[in-house]
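I have placed the structure first, in the form of structure tokens, so that the comments after it can refer back to it.
What follows is calculated from the coordinates using simple rules that are stated; it is not laboratory data. Quick caveat: nothing in here was measured; it's all calculated off a predicted structure. FYI the Cβ positions are ideal-geometry reconstructions off the backbone, even for glycines, and counts take in every protein chain you see.
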Amino acid sequence: MSATGLVGLVIVSHSRALARAAVGLAQEMVHGKQLKITIAAGLDDTTFGTDATQIVEAITAADQGAGVVVLMDLGSAVLSAELALDLLDDELRGRVVLCPAPLVEGLVVAAVAAAGGATIDEVVAEAAGALAGKIGHLDPAPAAAVSADAPAGADELTGQFVVTNPHGLHARPAARLVQEARKRDARVSIRNRSTDSEWVAAGSLSKIATLGVRSGHEVEVRVSGSQAAEALDHVLALAARHFDEPLTEPPVAAEPVGTRQGPIGAAPGLGIGPARSARLRPIAIPDTAAEDPATEWRRVSKAIAGVRRAIGQLRTHTAREVGETEASIFDAHQLLLDDTELLDGVRARIDAGGSAVAAWSQTVAALAAEFTALPDPYLRARAEDVTAVGDQVLRAMLGSATSTVDTTGVLIAADLTPAEAAELVPEQVAAVVLAFGSPHAHNVILLRAKGIPAVVGAGPAALHIAEGTVVAVDGTSGEVIVDPPDDLRRRFGDRVAALARRQSTARARAAEPAITTDGRVVRVGANLGSVDDARAAVAAGADFAGLIRTEFLFLGRPDAPDVEEQTAVYRKIAESMDGRRITLRTLDVGGDKPLEFLPTPAEANPFLGVRGIRLSLQHRQLLTDQLLAMARVAHQTPVSVMFPMVSTLDELFAARGLLDEALAATGRGRPQDLQVGMMVEVPAAALKAAAFARHVDFFSIGTNDLTQYALAADRNNEAVAAIGDTFDPGLLALIRSTCQGAAGQASVSVCGEFAADERAAGLLVGLGVEALSVSPPAIASTKEAVRAVDSRNAAVAATAALSADSASAVREQLNPG
Ligand code: PEP
Ligand code: MG
């Protein structure tokens with residue numbers, strides 16, 4: 001045994017839960033010996049990922065002087081561990097070994113060896129041979145012959161698929177493929193059969209991109225390694241699911257045809273300031289001499305680790321605030337940071353005497369140029385992703401600000417990715433003007449949540465506004481005034497000041513009830529997507545939680561949360577809401593929100609397919625578990641259970657039946673305060689409200705979906721954004737029908753984005769809506785808008801609006817002049 005202590009062990013895994021369980025298993029084997037096993041796993045308790053800085057800390061904590069053996073799971077775990085090694089000081093690095101052993105088997109034997117006082121070489125040798133027993137037991141001959149590095153040959157499995165994604169294997173689907181290819185102990189290669197390309201590793205995003213796989217191309221897959229069969233099945237299943245990408249993605253920056261009616265106010269508020277183009281500003285590369293290669297490489301590694309952490313945080317935030325689909329763009333960015341081709345290129349340049357900054361910028365530029373040279377315009381545009389991530393790392397190395405654009409003023413762009421929207425700082429960005437875009441798209445929802453006024457669909461001419469020109473933006477009406485004359489500028493300034501005063505009054509009265517001038521109380525609740533949101537909602541003055549999108553608990557994870565986990569989270573939300581009613585919506589996935597652990601067949605029209613309650617009723621265990629968790633919480637706090645996307649009475653009966661069973665399973669009968677309701681998102685449900693009303697306590701109108709279904713205008717498709725206008729009299733008629741059907745039997749609230757439109761408050765009250773539910777930042781202004789309403793006048797105005805010719809005529813009636 002070493003005089004300085006036992007060899008320490010570090011587990012690097014994408015999953016914290018997996019690492020903890022593996023350590024638990026190993027500790028069983030060593031019966032409480034004082035062995036140091038530390039973990040660096042997951043970005044937090046539930047987010048998968050690996051982080052070099054965490055690994056450095058884990059290695060440092062595991063070191064007792066006799067050395068540290070690091071065991072890793074797959075793909076980027078290995079790369080992160082390599083980066084971590086580079087970040088260690090030379091003394092400690094000298095006694096750390098990254099061991100290629102399988103994680104669980106390797107850990108168990110390594111723990112036993114280390115606890116017995118083995119040297120570091122002995123521990124590594126033990127771990128590396130950890131599979132021998134299993135191989136000998138199961139099938140010695142073939143298993144021994146297969147290794148991830150074995151050349152392609154007799155042991156390999158093959159398959160093929162046709163890519164039907166509109167833009168081929170572009171960044172997001174390619175990133176999903178890379179993730180899938182790296183998940184297992186298998187070597188996965190692909191080639192574009194349609195162009196007779198070379199074979200490339202499916203674990204490299206940049207290599208895949210060079211295949212130029214377009215929609216309709218046939219791709220061949222070759223897999224070898226101990227988990228080849230499983231890997232091949234998963235890759236083919238992923239391809240059949242179109243790489244989990246909705247097939248209705250709008251064309252990139254395409255000029256919308258025919259339907260555009262000019263700029264659309266998309267996020268309310270007023271902003272004035274100098275125009276700022278969202279184009280990237282070049283970074284000046286200093287001409288500094290390189291130090292030794294190890295120091296230069298460490299500089300790169302450190303910057304990459306920092307950027308990886310920043311992107312991981314942005315991903316988590318965006319998944320919560322906007323949605324998993326948009327958040328997945330960050331996976332592509334993360335994978336670029338791990339890209340072996342990119343890192344090898346940088347390393348080679350550094351080894352040849354280049355500085356970290358020069359090596360990185362040259363390699364990134366070369367990779368971006370490869371993308372730019374591709375024939376497919378969509379893939380060509382991916383060069384921007386490479387440059388954006390490359391610049392982030394460069395800035396981290398140079399210690400300059402992380403923002404890629406100067407955003408102090410009015411930001412003008414063709415469109416923004418949710419990533420870019422997520423990074424904008426409300427204190428700096430007076431307003432956003434997008435040449436394209438849709439008011440219902442998730443990037444705009446994010447801008448609204450941040451309180452940044454925005455106008456979309458301003459047209460390509462907006463891109464020619466000269467940098468620095470003063471632009472005034474009304475995010476409610478859609479007005480964009482370029483270089484306003486002095487008097488207009490003054491008047492606009494006065495409006496901005498008046499709005500700021502109104503907002504400050506609204507904030508001061510946010511916790512008070514919203515009562516119309518003639519004494520009707522309109523409850524204003526909050527739409528939530530996390531426990532943090534619940535805290536924000538109470539601080540913002542919410543009377544209740546009108547919509548809890550429980551999807552946040554299910555998306556982006558490899559398994560469903562069990563009843564205990566769900567109960568704990570719902571309970572936490574209830575506690576944060578301090579006794580206020582919470583409306584728990586059952587899982588609303590499908591459509592554009594696929595579940596990782598529940599692969600569903602590809603659908604030609606996912607928004608008209610198995611989503612919302614339809615999916616839950618097809619996978620009853622999911623719904624039963626969820627209802628049991630809700631039933632438990634309902635015994636402690638006022639709970640409303642709400643079913644999404646209900647179209648028929650049969651669906652409602654089936655869901656209510658399962659809820660009754662869940663209530664019986666708690667053994668405590670029916671909680672007194674429990675209410676049961678449904679979303680009204682399908683036009684037929686609005687028209688059948690009277691029939692539904694006999695079986696529910698409340699309706700909550702989801703105007704986001706009701707609008708897209710009523711007007712046949714995809715909520716994510718900018719080309720039809722002007723048609724999907726919530727002020728359309730046809731939509732108002734469906735709201736009226738819901739209120740009339742509900743009369744005397746069920747209450748009616750609105751929880752779609754329309755509820756937060758201050759112009760709509762009178763209209764909705766006039767149509768018979770009794771409560772509104774909005775995102776926490778909109779609570780104060782929504783309450784203030786209600787306080788200005790006289791419900792009798794509102795009823796007259798609502799009836800007039802129902803017979804208006806168009807959405808714009810309705811708006812004019814509400815706000816003449
Ligand atoms: C809606 O459709 O209006 C709604 C609130 O549901 P979601 O936006 O979650 O689809
Ligand atoms: Mg909806």
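Quick notes on this one:
- Normalised by the number of residues in the chain, the mean separation of alpha-carbon contacts (under 8 Å, six or more apart) gives a relative contact order of 10 percent.
- Unit charges at the beta carbon, dipole of the chain: most positive-side option, Ala560, Val410, Ser576: Ser576
- Thr387, Thr372 arranged by Cβ crowding within 10 Å, fewest neighbours leading: Thr372, Thr387
- Each peptide in 178-191, 485-498, 737-750 was scored by the mean count of other Cβ atoms within 10 Å over its residues; highest first, the order is 178-191, 737-750, 485-498.
- Amide H contacts of Ala514 (H built 1.01 Å from N, in plane; Pro and chain starts excluded): Val522, Val524 sit under 5 Å, all sequence-distant by 5 or more or on other chains.
- Gyration tensor over alpha-carbon atoms, the range 690-817, equivalent ellipsoid semi-axes in Å: 20, 18, 16
- Its Kirkwood hydrodynamic radius, worked out from the mean inverse distance over all distinct Cα pairs, puts the range 511-645 at 15.8 Å.
- The range 611-678 versus the range 49-96: alpha-carbon centroid distance in Å: 47 Å
- Across the range 105-116, coupling constants 3J(HN,Hα) worked out from phi with the 6.51/-1.76/1.60 Karplus curve, θ = phi - 60°, read 4, x, 5, 4, 6, 5, 5, 5, 5, 5, 5, x Hz, and Gly and Pro carry x.
- DSSP bridge orientation in the chain - percent antiparallel, rounded to nearest 5: 35 percent
- Dimensions of the range 512-814 based on its C-alpha atoms, expressed as ranges along the principal axes with the largest first, amount to 51, 45, 34 Å.
- Residues whose amide H lies under 5 Å from that of Ser640, counting only those 5 or more places away or on a different chain, are Ile582, Thr583, Leu584, Gln675; hydrogens are built 1.01 Å from N in the peptide plane.
- Span from the the range 422-455 Cα centroid across to the the range 741-805 one, whole angstrom: 24 Å
- Descending by average beta-carbon neighbour count within 10 Å, the peptides 227-239, 594-606 line up as 227-239, 594-606, the highest first.
- In order through the range 387-396: 3J(HN,Hα) via Karplus (6.51 cos²θ - 1.76 cosθ + 1.60), integer Hz, x for Gly, Pro: 5, 4, 5, x, 5, 4, 5, 4, 5, 5
- The chain, dipole about Cα centre (Lys/Arg Cβ +1, Asp/Glu Cβ -1), debye to the nearest 20: 2180 debye
- Relative contact order of the range 512-814, pairs being alpha-carbon contacts under 8 Å that are 6 or more residues apart, as %: 20 percent
- Extents of the range 3-138, largest first, come to 36, 35, 25 Å (Cα atoms, principal axes, whole angstrom).
- Both the radius of gyration and Dmax for the range 446-540 are 17.9, 51 Å, in that order, over alpha-carbon atoms.
- Options Gly702, Leu731, Ala689, ranked by Cα towards positive dipole end of the range 686-734, top entry (Cβ charges): Ala689
- Building the convex hull from the alpha-carbon atoms of the range 157-244 and averaging its projection over directions returns 4.5 nm².
- The rule of thumb for compact globular proteins, 2.2 N^0.38 Å, goes into the C-alpha radius of gyration of the range 46-104 1.07 times.
- Across all directions, the average projected area of the convex hull around the alpha carbons of the chain is 37.3 nm².
- Each listed q (0.11, 0.19, 0.22 Å⁻¹) maps to a log10 I(q)/I(0) for the range 414-489, found by the Debye formula over equal Cα scatterers with no solvent: -0.26, -0.79, -1.04.
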